[in-house]
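Step one of this worksheet: look at the structure below.
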Amino acid sequence: MRQNDGLTKLKPKPTPSANRFQSLDLLATLVAVVASDGLVLFANSALEDALGISRRTIEGTDFSQFFTQPHILQNALQGAQSNEFAVLRYDTWLQRQTKGEPLLVHVVVAQTDQPAQFIVELLPLEAQARQDREERLIDQAQANNELIRNLAHEIKNPLGGIRGAAQLLEMEIDSRELKEYTQVIIHEADRLQTLVDRLLAPHRRPHVVGDVNIHEVCERVRSLILAEFPRGLKVVREYDISIPEFRGDREQLIQAVLNIAHNACQALAEQIAAGEAQLVFRTRIARQVTFGKQRYRLALELHVIDNGPGVPDSIKDRIFFPLVSGREGGSGLGLTLAQTFVQQHHGLIECDSVPGRTDFKMLIPLP
Ligand SMILES: Nc1ncnc2c1ncn2[C@@H]1O[C@H](COP(=O)(O)OP(=O)(O)OP(=O)(O)O)[C@@H](O)[C@H]1O
Ligand SMILES: [Mg+2]
């Protein structure tokens, strides 16, 4: 295996025939245009991002040195050059310069219309799986929302009638014993009403758009959480204060983050009792990220991380679905609402959970 540090520049950087390839920057897949000797003529921005080094550094170097098995690419290019095949595919590891872990990629080497130029396309296999999962999540969420809205409306209408009738009935009867029954009807109708109101909340509430500072959102949630859990919980703030403000609905985002943080605190009950509970709010900027079927140049990443027992395996795949709860007395709406609010900002919430570390990541595109 060849060492990748200290990239060997074989030639000075080729003059940008690059302009021809500029449109490759729009792709979410990693693409390089290389000469038959493996020299990089153009690297698109997704590739720059994945390697963690600039295009100027990549271009003019031997592309094969970025792989843990450089000879496969060298052989592929030789084969393509001698017209043994038009397209060759294989899986290998891309050695990233700054980000440590190699990245498993599916490589496609194809000829171009130029005799000595080849396109090398890399599809990160994990990213592909994640993207598929996200797309599924979004489609499911949309279907869910539709279902919920219709169902909630159907419940809401007769509910008013039931409550009204119980009230009238109560006025007509004298027996205290019987009044207890009408009280049960009224009380349960009110409880259902609250549930239905929560189900309809994201669809009814007007979307108030203004400039949102994500750290103000986090600070609000932090103070609400600390007011409720004053002892035994440490809230750690790791803010990247360079994150710009963005247009959004502040109250909705506070509600979304609060729902996530609130779940964490509920899961942390034992750790809070032992005085060992920790909640981290971490903000970061993510560059060139793909989510929700789109690629964004810049996105905000907010992690809410707790050191609790983790999401139960039995509901892990379904926690964003309505009415899914792993908690005694939970209505299973907190995360559904949070996901809906974040999606209204064209964002997405993901969860990564193992016992001792649960990370809810909220992604929102930045301008
Ligand atoms: N940080 C976490 N750690 C462990 N489990 C979690 C965490 N966050 C969510 N969960 C699990 O996901 C379930 C769903 O959460 P969600 O907020 O949607 O509903 P809920 O908390 O049960 O009810 P509601 O929020 O509507 O009162 C929770 O019941 C809990 O089992
Ligand atoms: Mg909840």
**OP:** Report the residue count in the stretch 129-159 for those that are touching a residue at least 12 places away in the same chain (Cβ under 8 Å) and of a type outside the set (A, V, I, L, M, F, W, C).
**Re:** 9
Original post:
Looking only at the stretch 192-241, which residues are among the β-branched types (Val, Ile, Thr) and farther than 21 Å from LEU302 by Cβ?
Top reply: THR194, VAL196
Original post:
Do we find that SER325 is touching a Ser or Thr at 6+ places or on another chain (Cβ under 7 Å) and within 16 Å of ligand 1 (Cβ to nearest atom) in this structure?
Top reply: yes
**OP:** Mind checking which helices (runs of 4 or more DSSP H) fall wholly inside the stretch 37-122 and carry at least 3 residues that are farther than 23 Å from PHE21 by Cα?
**Re:** 70-81
Subject >> Filter result for GLN288 (part of a helix (DSSP H, G or I) and either touching a strand residue (DSSP E or B) at 6+ places or on another chain (Cβ under 8 Å) or outside the structural domain of LEU24 (by TED's automatic domain parsing) (or both)) >> reply: no
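In this structure, does LEU253 turn out to be part of a helix (DSSP H, G or I) and in contact with a strand residue (DSSP E or B) (Cβ under 8 Å, 6 or more places away or on another chain)?
Working: part of a helix (DSSP H, G or I): yes; in contact with a strand residue (DSSP E or B) (Cβ under 8 Å, 6 or more places away or on another chain): yes.
So LEU253 passes the test.
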Original post:
Are any residues in the stretch 273-288 surrounded by fewer than 18 Cβ atoms within 10 Å (Cβ to Cβ), among the β-branched types (Val, Ile, Thr) and away from ligand 1 (no atom under 12 Å from the Cβ), and if so, which ones?
Top reply: ILE285
Original post:
Given the residues GLU84, GLU101, GLU59, which is the only one that is in the same structural domain as LEU24 (by TED's automatic domain parsing), in contact with a strand residue (DSSP E or B) (Cβ under 7 Å, 6 or more places away or on another chain) and either at pLDDT below 90 or crowded, with 17+ Cβ neighbours inside 10 Å (or both)?
Top reply: GLU59
**OP:** Can you confirm whether the stretch 68-78 contains a residue that is β-branched (Val, Ile, Thr), surrounded by 15 or more Cβ atoms within 10 Å (Cβ to Cβ) and free of Cβ contacts under 8 Å to residues at least 40 places away in the same chain?
**Re:** yes
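Let's see how each residue does on (1) closer than 20 Å to GLN140 by Cβ; (2) in a loop (DSSP other than H, G, I, E, B); (3) within 16 Å of ligand 2 (Cβ to nearest atom); (4) hydroxyl-bearing (Ser, Thr, Tyr):
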| site | (1), (2), (3), (4) |
| --- | --- |
| ALA299 | no, no, no, no |
| GLU328 | no, yes, yes, no |
| THR336 | yes, no, yes, yes |
| PHE341 | yes, no, yes, no |
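The values are calculated or read from the model by the stated rules, or taken from the named source; none is laboratory data. On a predicted model such as this, the values are computed, not experimentally measured, just so you know. Reconstructed Cβ throughout: ideal geometry from the backbone, glycine too, with neighbour counts over all protein chains shown.
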